Amino acid sequence: MSRIKGLVANTNNDCELHATDKNNKYQHMKINWGTGVVIAFALFMTFILYFVIKVQSDSKYNNELVVDEYYKHDAHFGDEMVRVQNAQDLAQKPVISNASEGVAIIFPEVFIPKDIKGKVSFYRSSNEKLDFDVPISLSGSSLLIPKKRLVGGRWEINMEWQYGGKPYLTKETIYIN
C-alpha cells in the first residue's frame, strides 16, 4: 500500500490533509475554504504590518514632508502661480544649468545685475539636511553654485527673485553626477 501525502478532496467540499507519522497512522486535519481565506488574510496583514513598522521605526527611511508647515505653504499657492507666470511671460528667461564646475544660473543681458534680488533654494527630497539657500548677489550676469556643495543625485531648485519690483519664481530639477 502506498503512502499519500497532500490534499484530497472529499464530498463535503472540505480538504483533508493526510500525513504519516512515525507509526504509519494517518492524521486528519480538515480546513474548509473559509478558514483558508481567514488564514491567508491574517498572513497578508502580518506581512503588511511588518513592513509598515519597519519603515516607521528605521531612521534610514525618511518619510518627512518636503515642506514644513505644508498647509501654510499651500495657502500661498495662488501667489506662487502668479510669480511662476511672471517668469514664463519674460521674453528672455534666466537659465539654470548643470555645468562641470557646479550649477550655473545665467540671467539675460537685458537685466541689470545689481537690481536683481532674491534667493536660490536647493531642495533634496531624500534628505532635508542637505537643503540650503543661496542669496542672489550678482556682479555679472551669472551666479555659480560650486559642485562641492552639491551631493550627487536629484535636486529641486526654486529661484525666487525680484526685478523692477516684480516678483518671479523659476523652478528647475537637475541631476548631479
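Each Lys or Arg adds one and each Asp or Glu takes one away; over the other residues whose Cβ falls under 11 Å from the Cβ of ILE145, this sums to +1. Positive contributions from Lys and Arg (+1) and negative ones from Asp and Glu (-1), summed over other residues with Cβ under 11 Å from the Cβ of GLY165, come out at +1.
Under the criterion of Cα pairs below 8 Å and six or more residues apart, the relative contact order for region 67-151 equals 26 percent.
A full extension of the chain between ALA99 and LEU130 corresponds to an added length of 9.2 nm, given 0.36 nm per residue minus the alpha carbon distance. Annotation: extensible slack from LYS171 through GLU80 equals 31.7 nm (criterion: 0.36 nm per residue apart, minus Cα-Cα distance). Measure up LYS54/LYS148; LYS114/LYS147; LYS60/LYS117; LYS54/LYS147; LYS93/LYS117 against 27 Å on the Cα-Cα distance and list the ones that go over. Table pairs above 27 Å Cα-Cα are LYS54/LYS148; LYS60/LYS117; LYS54/LYS147.
The numbers here are math on the coordinates, done by the rules we state, and not lab data. All of these numbers come straight from a predicted model, not from anything done at the bench. Note: ideal-geometry Cβ built from the backbone for every residue, glycine included; neighbour counts use all protein chains shown.
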